[in-house]
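Reading through the structure tokens given below for one structure.
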Amino acid sequence: MAASGAAASAAEPVQTEVRTLWVGSRGGMEKALVERAGIPFTGISTGQLRVANPVKVVRNLGRMAAGVRQSLAIVDDFRPDVCFVTGGYVCGPVVTACALRKLPVLIYLPDMSPGYAIRMLSKLATRVAVSFPEVAHWFGGEAPAGKAVVTGYPVRAEVVTAAADRQAARRQLAAEMGASFDETDGAQMPLLLVWGGSSGARVINQATWDALPALLPLAQIVHVVGVRDWPLYEAWAAAHPLPDALHHRYHAAAYLHEAMPLALAAADLTVARAGASTLGEFPVSRLPSVLAPLHSVNQADNAQALASRGAAVVVEDSDLPTHLAPTVASLLGNAAQRQAMEAALAQMAQPDAALRIAAEIVQLAQI
């Protein structure tokens, strides 16, 4: 929620002093992250309603009702001009409270299709910001006829900055990792980035390890294994030492933290999941991808959005053991295809998406 002190149109840079309050779930993991960023945090009661256990449904209904009462008290005390949410069940009580107090609400949907919570909350929202025009139909079309406004997917400023110079990002990433991405004769090889999100993806990790003999002759590989699977990597590395001629091309890390924008900018190709961030970060970084979507969290539509534009190739988890190596090898050996994928990504890129969303928030605050 935000209380603003000045206006700006959706087409102008936002220049206003804003008081911000983050409302999240009590006991949620976001509290420490939000407070570390210097943003005030208040927790409320909440609960997921789409569960099979009827006892849990009743209990969570009580929590949601308590969350609405708590949210009303927060709204009355903080007196926001606008509410901005990105989905999840914790947003239900907040959006309900704001609707009861007739405050404008902007929802941001990062994915290509909305989940249950977003579909329900959008009925109370004033506007729904979406990443691409084809998502607008979920919300009656684009405003003013419907509720949708196309803003693009917001990415970190560090991603935009790093993407401006791939070679500089490559040199800086090598320095950060204490690695060298050049051959002994100075000839540069393609750089492959493999990762599976913040916690890693075991099926991608295992398929990558199996594919190393086929891929290391073709590329340098930065493999972000994930903290959860790092002990598994250590055990694998001890049992499967790489040949001396190839081991210097494989660079494993548990997590890259602040260096991840550099990795996105430096890589020539990536193997990854298809979380919502791929819709913003890969286009801005002009990073062709082989995507293994996680269907349990609705990543298939995200992967298809990139693949249908010629910017990605999709390989299902069940096919990774047999298809990952030949798919990646084909792309590594075809610079012209990667260049075509980069051109498609450049057409999708919207590096000013965060500014567009901020402008919508400030504009709604004046209603």
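With the simple spin-label model, which puts each label point 7 Å out from Cα in the Cβ direction, the E134 to D317 separation comes to 2.4 nm. Which shape class applies to the range 22-123: rounded if a/c is under 1.5, otherwise prolate when a/b exceeds b/c and oblate if not, where a ≥ b ≥ c are the square roots of the Cα gyration tensor eigenvalues? Here the range 22-123 falls in the rounded category. For the range 151-159, backbone phi angles converted through the Karplus equation (6.51, -1.76, 1.60; θ = phi - 60°) give residue-by-residue couplings of 10, x, 9, x, 10, 5, 4, 5, 5 Hz, Gly and Pro being listed as x. Isolated cysteines of the chain, defined as having no other cysteine beta carbon under 4.7 Å away, are C91. The protection proxy used here, the mean number of other Cβ atoms lying within 10 Å of each residue, ranks peptides 322-331, 352-361 as follows, highest first: 352-361, 322-331.
Taking 7 Å steps out from each Cα toward its Cβ at Q347 and D76 produces label points 5.4 nm apart.
Each semi-axis of the equivalent ellipsoid for the range 258-357 is √(5λ) with λ an eigenvalue of the Cα gyration tensor; in descending order they amount to 21, 17, 12 Å. Shape index of the range 72-127: Rg/Rh, with Rg the Cα radius of gyration and Rh the Kirkwood radius from the inverse mean 1/r over Cα pairs, equals 0.96.
Computing P(r) over Cα pairs in 20 Å bins from 0, in percent for the structure here picks out one of [x] 31, 62, 7, 0; [y] 26, 52, 21, 1; [z] 27, 50, 12, 8, 3, 0, namely [y]. Taking the 1.4 Å solvent-accessible surface of the chain as the whole, the part contributed by carbon and sulfur is 55%. Which residue, W230, G178, T161, has the largest displacement toward the positive end of the dipole of the range 160-257 when charges sit on each Cβ (Lys, Arg +1; Asp, Glu -1)? Farthest towards the positive end: T161.
Please enumerate, by chain and number, the lysines with C-alpha under 17 Å from the C-alpha of K147, excluding those fewer than 8 residues away in the same chain. Within reach: K102, K123.
Rolling a 1.4 angstrom probe over the protein heavy atoms, how many square angstrom per residue are accessible across the range 137-294? Ligands and nucleic acids excluded, the result is 41 Å² per residue.
Ordering of 167-177, 333-343 by packing is 167-177, 333-343, highest average first (other Cβ atoms within 10 Å, averaged per residue).
The values are calculated or read from the model by the stated rules, or taken from the named source; none is laboratory data. Model, not experiment: these values are computed from the prediction. Note that each Cβ is placed from the backbone with ideal geometry, even for glycine, and that neighbours are counted across all protein chains shown. Quick note on the areas: whole protein, heavy atoms, side chains included, nothing else; ligands and nucleic acids left out. Shrake-Rupley method; radii C 1.70, N 1.55, O 1.52, S 1.80 Å.
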